[in-house]
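To keep things clear, I will list the structure first and then write my remarks on it.
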Amino acid sequence: TMTCFGTLEGHKYSVNTVAFNPDGKLLASGSSDETIKLWDISTMTCVGTLEGHTNYVLSVAFNGAGMLVSGSLDNTIRLWDISTMTCVGTLEGHTSYVCSVAFNGAGMLASGSYDKTIKLWDISTMTCVGTLEGHTKFVCSVAFNGAGNMLASGSYDNKIKLWDISTMTCFKTLKGHTG
(Lines give C-alpha, C1' and ligand atoms only; values in the text may rest on other atoms or scores of the structure.)
Protein backbone atom coordinates (compact mmCIF):
# COMPACT_ATOMS: atom_id res chain seq x y z
CA THR A 1 0.00 0.00 0.00
CA MET A 2 1.01 3.60 -0.54
CA THR A 3 1.32 5.38 2.78
CA CYS A 4 2.96 8.60 3.92
CA PHE A 5 5.71 7.80 6.41
CA GLY A 6 6.46 11.38 7.38
CA THR A 7 5.91 15.06 6.78
CA LEU A 8 8.78 17.53 6.61
CA GLU A 9 7.91 20.99 7.85
CA GLY A 10 10.01 24.13 8.18
CA HIS A 11 9.59 26.40 5.18
CA LYS A 12 7.72 29.66 5.77
CA TYR A 13 6.06 29.65 2.34
CA SER A 14 5.23 27.25 -0.48
CA VAL A 15 7.61 24.46 -1.48
CA ASN A 16 8.18 24.74 -5.23
CA THR A 17 10.68 21.97 -5.90
CA VAL A 18 12.20 18.85 -4.33
CA ALA A 19 15.02 16.50 -5.33
CA PHE A 20 16.82 13.52 -3.79
CA ASN A 21 20.59 13.21 -3.84
CA PRO A 22 21.89 10.17 -5.76
CA ASP A 23 21.93 7.79 -2.76
CA GLY A 24 18.44 8.86 -1.66
CA LYS A 25 19.50 9.79 1.86
CA LEU A 26 19.21 13.54 1.49
CA LEU A 27 16.32 15.59 0.14
CA ALA A 28 16.55 19.22 -0.97
CA SER A 29 13.51 21.48 -1.03
CA GLY A 30 13.32 24.92 -2.60
CA SER A 31 10.76 27.42 -1.43
CA SER A 32 9.09 30.77 -2.00
CA ASP A 33 10.77 31.79 1.28
CA GLU A 34 13.97 32.16 -0.86
CA THR A 35 15.72 29.25 0.89
CA ILE A 36 16.68 25.66 0.23
CA LYS A 37 16.42 23.17 3.06
CA LEU A 38 18.34 19.90 3.24
CA TRP A 39 16.59 17.01 4.96
CA ASP A 40 18.08 13.80 6.35
CA ILE A 41 15.52 11.18 5.35
CA SER A 42 16.62 8.64 7.99
CA THR A 43 15.94 11.05 10.85
CA MET A 44 13.31 13.20 9.07
CA THR A 45 15.11 16.35 10.23
CA CYS A 46 16.40 19.49 8.57
CA VAL A 47 20.20 19.39 8.54
CA GLY A 48 20.77 22.76 6.92
CA THR A 49 19.26 25.82 5.29
CA LEU A 50 20.92 27.36 2.25
CA GLU A 51 20.40 31.10 1.89
CA GLY A 52 21.45 33.50 -0.84
CA HIS A 53 18.69 33.72 -3.43
CA THR A 54 16.75 36.97 -3.36
CA ASN A 55 13.49 35.55 -4.72
CA TYR A 56 11.56 32.26 -4.94
CA VAL A 57 13.58 29.07 -5.54
CA LEU A 58 11.91 27.24 -8.45
CA SER A 59 14.20 24.28 -9.14
CA VAL A 60 16.86 22.17 -7.42
CA ALA A 61 18.99 19.27 -8.66
CA PHE A 62 21.88 17.21 -7.31
CA ASN A 63 24.87 15.93 -9.24
CA GLY A 64 26.80 12.83 -8.23
CA ALA A 65 29.72 14.76 -6.76
CA GLY A 66 28.26 16.46 -3.70
CA MET A 67 26.90 19.50 -5.43
CA LEU A 68 23.40 20.98 -5.51
CA VAL A 69 22.22 23.53 -8.04
CA SER A 70 19.25 25.87 -7.69
CA GLY A 71 17.35 28.14 -10.06
CA SER A 72 15.36 31.13 -8.91
CA LEU A 73 13.00 33.97 -9.75
CA ASP A 74 16.01 36.22 -9.10
CA ASN A 75 17.25 35.17 -12.60
CA THR A 76 20.30 33.36 -11.16
CA ILE A 77 21.58 29.85 -10.69
CA ARG A 78 23.49 29.00 -7.54
CA LEU A 79 25.87 26.09 -7.02
CA TRP A 80 26.14 24.71 -3.51
CA ASP A 81 28.76 22.46 -1.92
CA ILE A 82 26.71 20.10 0.23
CA SER A 83 29.60 19.10 2.52
CA THR A 84 30.15 22.70 3.63
CA MET A 85 26.60 23.95 2.89
CA THR A 86 28.00 27.00 1.15
CA CYS A 87 27.40 28.68 -2.17
CA VAL A 88 30.44 28.11 -4.38
CA GLY A 89 29.23 30.07 -7.39
CA THR A 90 26.46 32.14 -8.91
CA LEU A 91 25.74 31.84 -12.61
CA GLU A 92 24.18 34.85 -14.30
CA GLY A 93 23.10 35.20 -17.90
CA HIS A 94 19.38 34.63 -18.09
CA THR A 95 17.28 37.77 -18.46
CA SER A 96 14.30 36.30 -16.61
CA TYR A 97 13.32 33.60 -14.11
CA VAL A 98 15.28 30.34 -14.03
CA CYS A 99 12.53 27.69 -13.91
CA SER A 100 14.42 24.42 -14.28
CA VAL A 101 17.96 23.11 -13.77
CA ALA A 102 19.49 19.70 -14.54
CA PHE A 103 22.96 18.09 -14.47
CA ASN A 104 24.10 15.67 -17.17
CA GLY A 105 26.62 13.71 -15.06
CA ALA A 106 29.57 14.86 -17.17
CA GLY A 107 30.16 18.32 -15.75
CA MET A 108 27.44 20.13 -17.65
CA LEU A 109 24.42 21.94 -16.33
CA ALA A 110 21.32 23.02 -18.27
CA SER A 111 18.99 25.80 -17.20
CA GLY A 112 15.60 26.67 -18.66
CA SER A 113 14.16 30.15 -18.29
CA TYR A 114 11.21 32.47 -18.78
CA ASP A 115 13.48 34.29 -21.27
CA LYS A 116 12.59 31.42 -23.71
CA THR A 117 16.14 30.04 -23.76
CA ILE A 118 18.13 27.16 -22.39
CA LYS A 119 21.69 27.78 -21.30
CA LEU A 120 24.38 25.13 -21.04
CA TRP A 121 27.04 25.67 -18.40
CA ASP A 122 30.46 24.07 -17.84
CA ILE A 123 30.59 23.51 -14.09
CA SER A 124 34.41 23.26 -13.93
CA THR A 125 34.82 26.79 -15.33
CA MET A 126 31.42 28.14 -14.23
CA THR A 127 30.86 29.59 -17.69
CA CYS A 128 28.05 29.47 -20.21
CA VAL A 129 29.12 27.36 -23.18
CA GLY A 130 25.97 27.77 -25.27
CA THR A 131 22.47 29.15 -25.50
CA LEU A 132 19.75 27.02 -27.09
CA GLU A 133 17.00 29.01 -28.80
CA GLY A 134 13.83 27.89 -30.53
CA HIS A 135 11.02 27.91 -28.01
CA THR A 136 8.54 30.75 -28.44
CA LYS A 137 7.43 30.87 -24.79
CA PHE A 138 8.82 30.13 -21.33
CA VAL A 139 11.04 27.06 -20.94
CA CYS A 140 9.67 25.45 -17.78
CA SER A 141 11.48 22.10 -17.76
CA VAL A 142 14.84 20.61 -18.81
CA ALA A 143 16.11 17.03 -18.44
CA PHE A 144 19.14 15.12 -19.72
CA ASN A 145 18.98 11.54 -20.94
CA GLY A 146 21.00 8.89 -19.08
CA ALA A 147 24.04 9.25 -21.33
CA GLY A 148 24.01 13.02 -20.88
CA ASN A 149 24.34 13.73 -24.59
CA MET A 150 20.70 14.69 -25.24
CA LEU A 151 18.55 17.29 -23.56
CA ALA A 152 14.76 17.55 -23.58
CA SER A 153 13.05 20.87 -22.93
CA GLY A 154 9.41 21.58 -22.21
CA SER A 155 7.81 24.94 -22.81
CA TYR A 156 4.64 26.97 -22.43
CA ASP A 157 4.57 26.90 -26.26
CA ASN A 158 3.10 23.35 -25.86
CA LYS A 159 6.20 21.75 -27.40
CA ILE A 160 9.01 19.48 -26.31
CA LYS A 161 12.33 19.97 -28.06
CA LEU A 162 15.14 17.42 -28.17
CA TRP A 163 18.65 18.84 -28.38
CA ASP A 164 21.94 17.22 -29.41
CA ILE A 165 24.44 18.49 -26.84
CA SER A 166 27.51 17.91 -29.03
CA THR A 167 26.18 20.19 -31.78
CA MET A 168 23.88 22.30 -29.56
CA THR A 169 21.09 21.96 -32.09
CA CYS A 170 17.47 20.91 -31.91
CA PHE A 171 16.97 17.69 -33.86
CA LYS A 172 13.31 17.06 -33.07
CA THR A 173 10.26 18.98 -31.93
CA LEU A 174 7.49 16.95 -30.36
CA LYS A 175 3.98 18.34 -30.65
CA GLY A 176 0.78 16.98 -29.22
CA HIS A 177 0.07 18.82 -25.99
CA THR A 178 -2.68 21.42 -26.18
CA GLY A 179 -1.46 23.41 -23.21
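The values are calculated or read from the model by the stated rules, or taken from the named source; none is laboratory data. For clarity, every value in this text was computed on a predicted model and none was experimentally measured. Note that we place each Cβ from the backbone using ideal geometry, even for glycine, and neighbour counts take in every protein chain shown. With ligands, DNA and RNA removed, areas are computed over all heavy atoms of the protein, side chains included. Shrake-Rupley method; radii C 1.70, N 1.55, O 1.52, S 1.80 Å.
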| Which whole-number value in Å² is the accessible area per residue of the stretch 32-161, probe 1.4 Å? | 41 Å²
| task | Return, for the Cα atoms of the stretch 7-90, the radius of gyration and Dmax in Å, separated by a comma. | result | 11.5, 34
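Using a 1.4 Å probe and counting only protein heavy atoms, arrange K161, K12 so the residue with the most accessible area comes first. Please list the in-between numbers first.
Details: K161 20, K12 165 Å².
The ranking, largest first, comes out as K12, K161.
Where in the chain lies the longest segment free of GluC sites (Glu not before Pro) that are both loop residues by DSSP (not H, G, I, E, B) and have at most 14 other Cβ atoms within 10 Å? Display every interim value, and only then the final one.
On the way: sites that count: E9, E133.
Formally, the longest exposed-site-free interval is 10-132.
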| field | Residue among F138, T90, I77 farthest towards the positive dipole end of the chain, charges placed on Cβ | value | F138
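Around I160, what is the net charge, scoring Lys/Arg as +1 and Asp/Glu as -1 over all other residues with Cβ under 11 Å from its Cβ? The partial results should precede the final answer.
On the way: positive: K159, K161, K172, K175; negative: D157.
Taking every Cβ under 11 Å from that of I160, the sum is +3.
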| remark: Counting only protein heavy atoms with a 1.4 Å probe and every protein chain in place, the carbon and sulfur fraction of the accessible surface of the chain in whole percent equals 52 percent
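Work the Kirkwood hydrodynamic radius out for the chain: mean of 1/r over every pair of different alpha-carbon atoms, inverted, in Å. The partial results should precede the final answer.
Values: mean 1/r = 0.0603 Å⁻¹.
Across the chain, the inverse of the average 1/r is 16.6 Å.
Take the cross-link list K37/K172; K37/K119; K12/K175 and give me the ones stretching past 31 Å between alpha-carbons.
Numbers: K37/K172 37 Å; K37/K119 25 Å; K12/K175 38 Å.
Over 31 Å Cα-Cα: K37/K172; K12/K175.
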| note | Among trypsin sites (Lys or Arg not before Pro) in the stretch 13-81, those in a DSSP loop whose Cβ has at most 15 other Cβ atoms within 10 Å are K25
| field | Cα convex hull volume per residue for the stretch 108-179 (Å³) | value | 80 Å³
